[in-house]
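This report refers to the structure that appears directly beneath it.
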Amino acid sequence: MNNNRRKVLKWVGLSGLGGLITWKANAQAIINNECLSTDDILGPFYVPNAPFIDQLAPDGAPGTPIVITGTVYANDCETIIPQAVVDVWHANDGGGYEDTHYRGRVNTQVNGTYSFQSIFPGKYLNGASFRPRHFHYKVSFDDVELTTQIYFQGDTSIPSDPWASSPSATDRIIPVMEDENGVLHGVADIYLDVDPLIINSTLKMDRGRSQIIKIFPNPLQTSGQIELFLAKSGHTHLQVFDLSGKKVMADMVNKVLPQGEHLLELQSNSRLGVKLTAGIYILQMRVDHQIIDAMRFIIS
């Protein structure tokens, strides 16, 4: 990945990819209930009431395209929060903030996921040193609000930055991966201090729809798990595609499953001898021969 490369922003539609990436906290954090996302400074460039849009950079904006996806969880580290508001703003490719562009809000979907597209934020001087590349976040649900920032692994400006170098920011420094089209992809999950009981009534609304709930961990190395829900019993078919749409793993699951939640294994090396190399993939779920859901995941 070349952070200095400049590209004119030109987006390829993501609607065909279906669902979004999720990434769970590690198992020990869940056991200890220590997954809550830490806060960070607001900064001087926040503008309230940004529009609800998922493409933050204007058409034709210079910079390296990036797609950020993630899931918002409650304080038990595993309950998803639908209809949370994720407010994002960041600097343009030259390191400047604009009042209109490079800012927007998205709602999490019924499976707690969110996604937005923009360009890799530029750096700017803060005193004698550059602030590392970052996205500002203000995430809210009910009466709970978190103000924080997301940074990127390998950024040489992190050690000299008082906020990014803080131990509390460690879990907010995320890896990014570049696809064959030069688009960067990253995963940024948020864990809010929200009691799961508050959102139980909201989650019940989704029991009528079959769906992929989550893939975890994400990114994964050699193995992970898929959690899915079937609103009714049906012939369930799971396949994996790369970002070009080529099928790279067929018949992960190809059988009738009963109604309810299911936890399935995801292996980068399949029993049929297929090996998935490092990259970005799409898990597709069909039920009774109809495409029901899809979710992106990364193999690191």
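The values are calculated or read from the model by the stated rules, or taken from the named source; none is laboratory data. Keep in mind it's a predicted model, so treat the numbers as computed, not measured. Counting neighbours? That spans all protein chains shown, and the Cβs are built from the backbone with ideal geometry, glycine included.
Give all pairs with beta carbons closer than 7 Å in which a residue from the range 250-261 that is farther than 13 Å from HIS237 by Cα and in contact (Cβ under 8 Å) with a residue 40 or more places away in the chain meets a residue that is of a type outside the set (A, V, I, L, M) and in a strand (DSSP E or B); count only pairs at least 6 apart in sequence or on separate chains.
GLU261/GLU227; GLU261/PHE229
Going through the range 92-107 one residue at a time, which ones are in a loop (DSSP other than H, G, I, E, B) and either acidic (Asp, Glu) or touching a residue at least 40 places away in the same chain (Cβ under 8 Å) (or both)?
Hits for the range 92-107 are ASP93, TYR97, GLU98, ASP99, HIS101, TYR102.
Collect the residues in the range 227-249 that are assigned to a loop (DSSP other than H, G, I, E, B) and either under 11 Å from ILE282 (Cβ atoms) or without any contact (Cβ under 8 Å) to a residue 12 or more places away in the chain (or both), keeping them in residue-number order.
Those that are assigned to a loop (DSSP other than H, G, I, E, B) and either under 11 Å from ILE282 (Cβ atoms) or without any contact (Cβ under 8 Å) to a residue 12 or more places away in the chain (or both): LEU243, SER244, GLY245, LYS246.
Of the residues that make up the range 115-125, is at least one of a type outside the set (A, V, I, L, M, F, W, C), in a loop (DSSP other than H, G, I, E, B) and under 13 Å from ALA57 (Cβ atoms)?
Within the range 115-125, one or more residues are of a type outside the set (A, V, I, L, M, F, W, C), in a loop (DSSP other than H, G, I, E, B) and under 13 Å from ALA57 (Cβ atoms).
Identify the residue in the range 126-144 that is within 17 Å of ILE80 (Cα to Cα) and in a loop (DSSP other than H, G, I, E, B) and, among all such residues, is farthest from the chain's Cα centre (by Cα).
Checked the range 126-144; the qualifying residue farthest from the chain's Cα centre (by Cα) is ASP143.
May I ask you to list the residues in the range 94-121 that are touching a Gly at 6+ places or on another chain (Cβ under 7 Å) and surrounded by 20 or more Cβ atoms within 10 Å (Cβ to Cβ)?
Of everything in the range 94-121, those that are touching a Gly at 6+ places or on another chain (Cβ under 7 Å) and surrounded by 20 or more Cβ atoms within 10 Å (Cβ to Cβ) turn out to be ASN111, THR113, TYR114, PHE116, ILE119, PHE120.
Can we say ILE291 is outside the structural domain of ASP189 (by TED's automatic domain parsing) and either in contact with a Phe, Trp or Tyr (Cβ under 8 Å, 6 or more places away or on another chain) or surrounded by 19 or more Cβ atoms within 10 Å (Cβ to Cβ) (or both)?
no
Being out of contact with any Phe, Trp or Tyr (no Cβ under 8 Å at 6 or more places or on another chain) and hydroxyl-bearing (Ser, Thr, Tyr) is the filter here; which residues of the range 113-144 pass it?
THR113, TYR114, SER115, SER129, TYR137, SER140
Got a sec? Which of SER244, SER300 is closer than 23 Å to ALA188 by Cα, polar (S, T, N, Q) and surrounded by fewer than 19 Cβ atoms within 10 Å (Cβ to Cβ)?
Being closer than 23 Å to ALA188 by Cα, polar (S, T, N, Q) and surrounded by fewer than 19 Cβ atoms within 10 Å (Cβ to Cβ) holds for just one of SER244, SER300, which is SER300.
One line per residue, one yes/no per condition, for (1) modelled with pLDDT under 80; (2) crowded, with 18+ Cβ neighbours inside 10 Å; (3) assigned by TED's automatic domain parsing to the domain that holds ASP179:
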site: GLU261; (1), (2), (3): no, no, no
site: LEU272; (1), (2), (3): yes, no, no
site: LEU276; (1), (2), (3): no, yes, no
site: MET285; (1), (2), (3): no, yes, no
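So, SER160, is that one of a type in the set (Gly, Ala, Ser) and either outside the structural domain of GLU98 (by TED's automatic domain parsing) or touching a residue at least 40 places away in the same chain (Cβ under 8 Å) (or both) or not?
For SER160, the condition - of a type in the set (Gly, Ala, Ser) and either outside the structural domain of GLU98 (by TED's automatic domain parsing) or touching a residue at least 40 places away in the same chain (Cβ under 8 Å) (or both) - is not met.
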